[in-house]
1. Quick one: is Ser139 under 23 Å from Asn84 (Cα atoms), modelled with pLDDT of 85 or more and over 16 Å from the mean Cα position of the chain (by Cα)?
2. Got at least one residue in the range 65-79 being outside the structural domain of His121 (by TED's automatic domain parsing), exposed (fewer than 12 other Cβ atoms within 10 Å of the Cβ), in contact with a Phe, Trp or Tyr (Cβ under 8 Å, 6 or more places away or on another chain) and at pLDDT below 80?
3. Considering only residues that are of a type in the set (A, V, I, L, M) and not in a loop (DSSP other than H, G, I, E, B), which ones fall in the range 15-34?
4. For Arg116, which of the numbered conditions (1) surrounded by fewer than 13 Cβ atoms within 10 Å (Cβ to Cβ); (2) in contact (Cβ under 8 Å) with a residue 60 or more places away in the chain fails to hold?
5. Could you list all residues from the range 96-113 that are polar (S, T, N, Q) and surrounded by fewer than 17 Cβ atoms within 10 Å (Cβ to Cβ)?
6. Please go through (1) assigned to a helix (DSSP H, G or I); (2) surrounded by 13 or more Cβ atoms within 10 Å (Cβ to Cβ) for Val43 and return the number of the only condition it doesn't satisfy.
Amino acid sequence: MSLTAKAKTQRNRELAAIHVLASKRLHLDRDTYVALLQRVGNVRSSADLDQRGRAQVLDELRRLAGEGQQQMRNAVNLPDAPQNVRDEIAGMVSKVGALLAEAGKSWNYAHGTAQRMFKVHRVEWLRADQLHKLVAALSYAQKRQRKTKGE
């Protein structure tokens, strides 16, 4: 097999792995998938990625899927709570959980807010700066709720 044939085969394997991880493992919809490609590889299609870009996207997808890493902390053991939380955002995810518990809301409320604010389906997939904005939004909602209750 020539070098170009080997390179093409490797490229096809990497693209297939990207698609399998994104669609089958993480169940990303098209918009979320394109946003991930844009954020990590600065492209809108995986076909436009070079070898380095494919490696970066694969690393990010594996990180999100929790593959090849030590077991990540579970934030809270509630239905639909984030299950694989990166260590760098675990504290903020716990803060989100505390705000939700105080407001009497479920994790689906936080996931829906993340979807509306950032077009990201799960809280644990947010970047740190987005997570800070989500905490601020939940804090403001909590203050409004207290004000209407007359506390």
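1. no
2. Yes; the residues of the range 65-79 include at least one that is outside the structural domain of His121 (by TED's automatic domain parsing), exposed (fewer than 12 other Cβ atoms within 10 Å of the Cβ), in contact with a Phe, Trp or Tyr (Cβ under 8 Å, 6 or more places away or on another chain) and at pLDDT below 80.
3. Leu15, Ala16, Ala17, Ile18, Val20, Leu21, Ala22, Val34
4. (2)
5. Looking only at the range 96-113, we keep the residues that are polar (S, T, N, Q), and these are 106, 108, 113.
Hits for the range 96-113 are Ser106, Asn108.
6. (1)
The values are calculated or read from the model by the stated rules, or taken from the named source; none is laboratory data. This one's a predicted model, so the numbers in the text were calculated from it and none came from an experiment. As a convention, Cβ positions derive from the backbone with ideal geometry for all residues, glycine included, and neighbour counts pool all protein chains shown.
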